Amino acid sequence: MTKHIFVTGGVVSSLGKGLTSASVGMVLERRGLRVRMQKLDPYINVDPGTMSPYQHGEVYVLDDGSETDLDLGHYERFTDSPLTRDSNYTTGQIYQSVIEKERRGEFLGKTVQVIPHITDEIKSVIHKLGSPDVDVVISEIGGTVGDIESLPFLEAIRQFSQDVGKENCLYIHLTLVPYLKAAAELKTKPTQHSVGQLRQIGIQPDILICRTERSISQDDRQKIALFCNVPLEAVIEERDKDFSIYEVPLSLVNNGLDELIVDRLSLQADTPNLENWHELLHRLRNPRHEISIAVVGKYAEHKDAYKSIYEAIDHAGIHHEAQIRVGRIQSEEIEREGPERILAGYDGILIPGGFGERGIEGKVDAIRFARERGIPFLGICLGMQCAVIEYARNVVGLENAHSTEFNTDTHHPVICLLDDQRNIVEKGGTMRLGTQPASLREGSKARASYDEAEIQERHRHRYEFNNAYRQQFQAHGMLFSGTNPDDTLVEIVEVTDHPWFVAVQFHPEFKSQPTKAHPLFASFVEAAVERHAGRAERNKPNSTRPQESPAESE
Ligand code: GLN
């Protein structure tokens, strides 16, 4: 029988519930258990696909094309649990489904209510992940205990243990134990209140994971245990990690969390195998290179907007034992100040995906700079489309070439709507989404990076390269190194006369893992490491090679 773990959060948001849930999933997998992960989000949007990155950070895309919460990115980076549409539900989806059933007359004339109809629907989506092949389902409840909108979810998970038996469920509550400077003390009261609120709803947490910036004393742990009605060993400290988020799973194991879970749920588990994770941290602590990469996007200031991109860069750094300083640059800044001042010191430039016209010209300028100076460049989705626009204008000679997303009247629509997008009016879930195959051209950088002829990558776009321009681009030195199998859609472009210039219509960042860097990110970072080494060599005082101009050095 599948066991269920429910993870709730208290006191404040942004405690890292997604990361903690992913870490719990990871350590259970490392003990030989088969795990499934799920996020239940209390907001009313049907999915985050139409939400602004300011509201919600990046939209994470799964193989099956579902547009999901960014916490699912943590799940995929930390675990091998396969994720599907059933791994992320929102209040919007739950209500939509109940209302559709009501319209079909499935409730046989009954009054449709939050309890039992909405809660039944929530329980059914939790049950969907259980099966004889699954040992543990981890369901993370978004939001903070005490929010009005999370009440139906909490009620549903309370009922769940009545349905399947208390011995088959475990409630983990993530809470904050803040340090109060004025009192020079850690404070346990917010945790007591948060657990108090959970208990009012009828949920007694089994385990408390206490987020804290300082070590919690034995006295404080005892106090928390007493007031929150949990045994002392179930008060688990999770200190802030100033070095790396990849320390979280190890620290949870050190504090006995996995043992506690295995014991409480009577699971048959092996001892944890964390060898490659220790190795990963060792590499992270002992870099052999130091390089810098500029990520030029629309939402540079917002660290969650390009979450998976920053993570994938880190993974490639771990792979090459390189410490990477990532400059988060707003493309509008380049429009104001020019690329030279802002980008000259970087060893690589990456332009991520995006929507909307703001900052586009800054991205085009950044790409021109990377192309002309031979700086390794990786363009992703909108980043590829901007690379095409730049090449059209500055190499092919197509004046004012543009994407019809930004200028419908351009004389040279080098990027235009995908054919099957022309009549679509609804915004939610209607892009070209999810995993699609591509074939790679022999002799290209892409082919060398993947070392494979056929690849599968995730997509999320409405616009594409306009095939009417293919020959003109080819004649001017652009290589179409990846296309869909029938060669009707361009998936990868490369500038051949350049150390490393590759731009892709898909999102490789969604398939990178800390112990398995994505091949494109790995090659990009390798090229940046080489550039850095070359520059250092050229700038040595007794070097016989020509020195770089001051503007090009750091
Ligand atoms: N806005 C572009 C499109 O819809 C790019 C999308 C993206 O970067 N994810 O095609």
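Read-outs: derived from the displayed coordinates by stated rules, not from any lab. Quick caveat: nothing in here was measured; it's all calculated off a predicted structure. Cβ atoms come from the backbone with ideal geometry, glycine included; neighbour counts cover every protein chain shown.
Points worth noting:
- One residue stands out among those in segment 147-175 that are over 27 Å from the mean Cα position of the chain (by Cα) and not in a helix (DSSP H, G or I): the one that is nearest to residue 203 (Cα to Cα), which is 169.
- Of all the residues in segment 464-481, those that are in contact with a helix residue (DSSP H, G or I) (Cβ under 8 Å, 6 or more places away or on another chain) and either within 24 Å of residue 354 (Cβ to Cβ) or part of a strand (DSSP E or B) (or both) number 6.
- With respect to (1) surrounded by 21 or more Cβ atoms within 10 Å (Cβ to Cβ); (2) more than 14 Å from the ligand (Cβ to nearest atom); (3) more than 22 Å from the chain's Cα centre (by Cα), the lone exception for residue 468 is condition (1).
- Selection within segment 392-406 - within 12 Å of the ligand (Cβ to nearest atom), in a loop (DSSP other than H, G, I, E, B) and either crowded, with 24+ Cβ neighbours inside 10 Å or not hydroxyl-bearing (Ser, Thr, Tyr) (or both): 405, 406
- Checking 269, 294, 316, 322 one by one, the residue that is more than 22 Å from residue 386 (Cα to Cα), touching a Leu at 6+ places or on another chain (Cβ under 7 Å) and surrounded by 19 or more Cβ atoms within 10 Å (Cβ to Cβ) is 269 and no other.
- Leading residue by the ranking (nearest to residue 310 (Cα to Cα)) among those in segment 368-386 that are in a helix (DSSP H, G or I) and within 16 Å of the ligand (Cβ to nearest atom): 383
- Candidate set from segment 441-453 (those that are out of contact with any strand residue (DSSP E or B) (no Cβ under 6 Å at 6 or more places or on another chain) and among the charged types (D, E, K, R)); member that is farthest from the ligand (Cβ to nearest atom): 442
- Positions within segment 62-93 being of a type in the set (Val, Ile, Thr) and touching a Pro at 6+ places or on another chain (Cβ under 8 Å), in sequence order: 68, 90, 91
- The condition of being buried (at least 24 other Cβ atoms within 10 Å of the Cβ), without any contact (Cβ under 8 Å) to a residue 40 or more places away in the chain, within 12 Å of the ligand (Cβ to nearest atom) and not aromatic (Phe, Trp, Tyr) holds for only one of 424, 389, that being 389.
- Selected residue (only one of 365, 409 is part of a loop (DSSP other than H, G, I, E, B) and away from the ligand (no atom under 16 Å from the Cβ)): 409
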